[in-house]
Amino acid sequence: MAEVEALQAKSATEVEALRIKYLSKKGKITALMADFRNVSADQKREVGIKINELKNKAQERINSLRETLASTDTEDENIDITRTAYPIKLGTRHPITLVKNEIIDIFARLGFSLAEGPEVEDDWHVFSSMNFADDHPARDMQDTFFVESHPDIILRTHTSSVQARVMERQQPPIRVICPGRVYRNEAISARAHCFFHQVEGLYVDKDVSFTDLKQVLLLFAKEMFGEETKIRLRPSYFPFTEPSAEMDISCNICGGKGCSFCKHTGWVEILGCGMVHPNVLELNGIDSKKYKGYAFGLGVERITNLKYNVKDLRMFSENDVRFLKEFEAAN
Ligand code: DAH
């Protein structure tokens, strides 16, 4: 009985072998039944019950082995190993990821390493440590998403917060590039979205000048948009940089001649930049007498629009596969 209960099989063929061994015409149990006529009359009843039990048990065990094997399907004898494989559908990288990677790549070649910070941030890292006055309009409820019931916890509105995250744990020299998603409380349209992507750059060392910044940004523009690309810097204002500037590149859609994308000016703005404000260095534990720095922040969607001529920001988050498939070649 124990022998029958312990029967094992790894394949349908093995199960069939067991059936033949025990239950077929020449099987062990069938042989026992044939011997039955030699059993003495007074034992017939008892032995008969035992043999029947044994036969049923064997049948049960073999059936159950067959069922388990069928459900796990370890051996499918119908596999045609000569058949050509079905094509595996590969996904494609999202255009924002493609452009982000390209930006990281260019700056990596210039010695910048990667740094990241949280998207759910506190007021200190997003605003205070970046030299925003308490009444600065950027803190306004209209622009910033707050975590309900925690007025100090917000969704970061820019990746400049990662500058603070880096400086608080590292002394110069600092050369980092910080890509990430940012959030602003804006009505969604073709030109604005409530979330988008930025790449922040921060360079802090002794003797850093605005010339270094300009040269790095020129090199970036040429690498990204082609050797013929020109840049121009316009004075601007950011609380965390002094002096501050916005950088335009010659419109790569019309080559600078003027088109609807560049509003017929021949130039398009791609980033904000400047020399790190001494207050920002001090607020983050870096001696502003000893060190200087430059920083810049660029919008990934903006660069992608320019590079791939995408006109509607919403395309990036709707995930229409027909749109995404267009970037297959760039993958
Ligand atoms: N944080 C700015 C924004 O979101 C972009 C920016 C401007 C970043 C100038 C910088 C900078 O690092 O120096 O609009």
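For the chain, count all C-alpha to C-alpha pairs, find those more than 27 Å apart, and express that count as a whole percent of the total.
Details: 33151 of 54615 pairs.
When all Cα pairs of the chain are counted, 61 percent exceed 27 Å.
Under a point spin-label approximation (7 Å from Cα along Cα-to-Cβ), what is the K28-D134 distance to one decimal in nm?
Reported label-point gap for K28 and D134 is 9.0 nm.
Once you charge only the Cβ atoms, +1 for Lys and Arg and -1 for Asp and Glu, what is the size of the charge dipole of the chain about its Cα centre, to the nearest 20 debye? Intermediate results must be reported in sequence, preceding the final value.
Numbers: 44 positive and 49 negative charges, 274 e Å.
Here the size comes out at about 1320 debye.
With runs of 4+ DSSP H residues as the only contributors, calculate the mean residue ellipticity of the chain at 222 nm using -39,500 (n - 2.57) per run, divided by the residue total and rounded to the nearest 500. Numbers along the way, then the final one.
Values: 12 runs with 123 residues, N = 331.
Taking each H run of at least 4 residues, the total per residue is -11000 deg cm²/dmol.
Can you put I29, I153 in order, fewest other beta carbons within 10 Å first?
Values: I29 20, I153 14.
Least crowded to most crowded, the residues run I153, I29.
Rg and Dmax of region 187-325 over Cα atoms: what are they, in angstrom?
17.0, 54
Ranked by Cβ crowding within 10 angstrom, fewest neighbours first, how are V276, V126 ordered? The partial results should precede the final answer.
Numbers: V276 27, V126 24.
Placing the least packed residue first, the sequence is V126, V276.
Return the FRET efficiency for the residue pair R109, E318: r is the Cβ-Cβ distance, R0 is 25 Å, and the value is rounded to the nearest 0.05. Spell out each step's value before the answer.
On the way: r = 33 Å, r/R0 = 1.33.
For R0 = 25 Å, the calculated efficiency reads 0.15.
Can you give the FRET efficiency for V310 and T211, using 1/(1 + (r/R0)^6), R0 = 30 Å, r = Cβ-Cβ distance, to the nearest 0.05?
Numbers: r = 34 Å, r/R0 = 1.12.
Using R0 = 30 Å, I get an efficiency of 0.35.
Taking region 168-276, which GluC sites (Glu not before Pro) meet the DSSP loop condition and have no more than 12 other C-beta atoms within 10 Å? Please list the in-between numbers first.
Details: sites: E168, E186, E200, E223, E227, E228, E246, E269; in loops: E168, E186, E227, E228.
Here the sparse-neighbourhood loop sites are E227, E228.
Express the Stokes-Einstein translational diffusion coefficient of region 57-176 in µm² s⁻¹, to the nearest whole number, given a Kirkwood radius over alpha-carbon pairs, 37 °C and a viscosity of 0.692 mPa s. Could the numbers behind the result be given before it?
Values: Rh = 20.5 Å.
It diffuses with D of about 160 µm²/s by this estimate.
Taking the Cα atoms of region 31-90, report the difference between the largest and smallest coordinate on each principal axis, in whole Å and largest first.
So the three principal-axis extents are 75, 19, 8 Å.
Starting from the Kirkwood Rh over alpha-carbon pairs, what translational D in µm² s⁻¹ does region 214-265 have by Stokes-Einstein at 4 °C and 1.567 mPa s? Mind showing how you got there, number by number?
Numbers: Rh = 12.0 Å.
This corresponds to a translational diffusion coefficient of 108 µm²/s.
Hey, for a label at R45 modelled as a point 7 Å past Cα toward Cβ, could you say which residues of region 1-37 have their backbone N under 12 Å away?
Of the residues in region 1-37, none has backbone N under 12 Å from the label point off R45.
List the cysteines of the chain that have no other Cys Cβ closer than 4.7 Å: which are they?
C178, C194, C273, each lacking another Cys Cβ under 4.7 Å.
If each residue's Cβ is checked for other Cβ atoms within 10 Å, how do W267, W124 rank with the fewest at the top?
On the way: W267 18, W124 14.
Least crowded to most crowded, the residues run W124, W267.
Go ahead and run the numbers for FRET between K325 and S260, Cβ-Cβ distance against an R0 of 22 Å, rounding to 0.05.
Working: r = 26 Å, r/R0 = 1.19.
FRET efficiency, K325 to S260: 0.25.
Helix 41-72 against the longest principal axis of the chain: what's the angle in degrees, Cα atoms only, rounded to the nearest 10?
Here the helix axis deviates by roughly 20 degrees.
Assigning unit charges at the beta carbon (Lys, Arg +1; Asp, Glu -1) and nothing else, what dipole magnitude in debye, to the nearest 20, does region 151-201 show about its Cα centre?
Details: 7 positive and 4 negative charges, 28 e Å.
For this selection, approximately 140 debye.
Laboratory data are not the source of any read-out in this text; all were calculated from the coordinates shown. All of these numbers come straight from a predicted model, not from anything done at the bench. Cβ sites come from the backbone with ideal geometry, for glycine too, and all protein chains shown count toward neighbours.
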